[in-house]
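J.: Quick one: this structure, given as structure tokens, is what I'll be asking you about.
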Amino acid sequence: MEKTYFAHESAFIDEGCEIGKGTKIWHFSHIMPNCKLGEGCNIGQNVVVSPEVTLGRNVKVQNNVSIYTGVVCEDDVFLGPSMVFTNVINPRSAVNRRDSYLRTVVKKGASIGANATIVCGHDIGEYAFIGAGAVVTKDIPNFALVVGNPSKQIGWVSEYGIRLNFDNEGKAICEESGQEYLLKDNTVTRIK
């Protein structure tokens, strides 16, 4: 069977992985057993994708990221340089907690900035934007803009990552795309 993805000669790919067409895996990266990487992903250098991780289509993983077992990234997710996932809430070197991995889902279109930390068991909503260096300790809603340690929501962003400014009726227009959004009951939705 012909390989439909690119892997640099220094990358290591374990048995049992599914790697989508057009995906690129760069220098010194390790894709561990039973991972699923969708089409068109880009895995930067020095990335570890742990066993049974799932990445959707067009996921961009920048350099020096470890994606641990229990993490699922949906389509079009961006993981910034050196950002961190955890998978055990109370790790100890002398205590094996492999059966205690918590699930973290990064939903479609979300971006996580450089050096951010996502504490396990907390989901990142669709198109949310996690600022560089933020430490996420709770679930993040769709379209939320969060920064800081611990992270705090400071606003809302569009699907294009542009900050939204809502009027008195709870409506906003993305300055880049022209898409319209509605803020109601602390929830943002795109108006079709």
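J.: Take the conditions closer than 23 Å to Lys152 by Cβ, outside any loop (DSSP other than H, G, I, E, B) and in contact with a strand residue (DSSP E or B) (Cβ under 7 Å, 6 or more places away or on another chain) and apply them to Val72. Does it pass?
T.: no
J.: I'd like the residue in the range 105-158 that is among the polar types (S, T, N, Q) and more than 19 Å from Pro81 (Cβ to Cβ) and, out of all such residues, is surrounded by the fewest Cβ atoms within 10 Å (Cβ to Cβ).
T.: Among those residues, the one meeting the criterion is Thr137.
J.: Moving on to the next point. Let me spell it out: the conditions are (1) within 28 Å of Arg163 (Cβ to Cβ); (2) under 14 Å from the mean Cα position of the chain (by Cα); (3) among the polar types (S, T, N, Q), and Thr137 meets all of them except one. Which number is the exception?
T.: (2)
J.: If you don't mind, there's one more thing I want to ask. Going by what's in this entry, would Glu176 be described as crowded, with 16+ Cβ neighbours inside 10 Å and among the acidic types (Asp, Glu)?
T.: Taking the combined requirement at face value, the residue does not satisfy it.
J.: Residue by residue through the range 8-29, note down the ones that are in a strand (DSSP E or B) and either in contact with a Lys or Arg (Cβ under 8 Å, 6 or more places away or on another chain) or crowded, with 18+ Cβ neighbours inside 10 Å (or both).
T.: Once the filter is applied, which keeps residues that are in a strand (DSSP E or B) and either in contact with a Lys or Arg (Cβ under 8 Å, 6 or more places away or on another chain) or crowded, with 18+ Cβ neighbours inside 10 Å (or both), the range 8-29 yields Ile13, Glu18, Ile19, Ile25.
Values in this text are rule-based calculations from the coordinates and carry no lab data. Treat the numbers as computed from the prediction; the structure is a model and nothing was measured. Because the Cβ atoms are built from the backbone with ideal geometry, glycine has one as well, and the counts that use them run over all protein chains shown.
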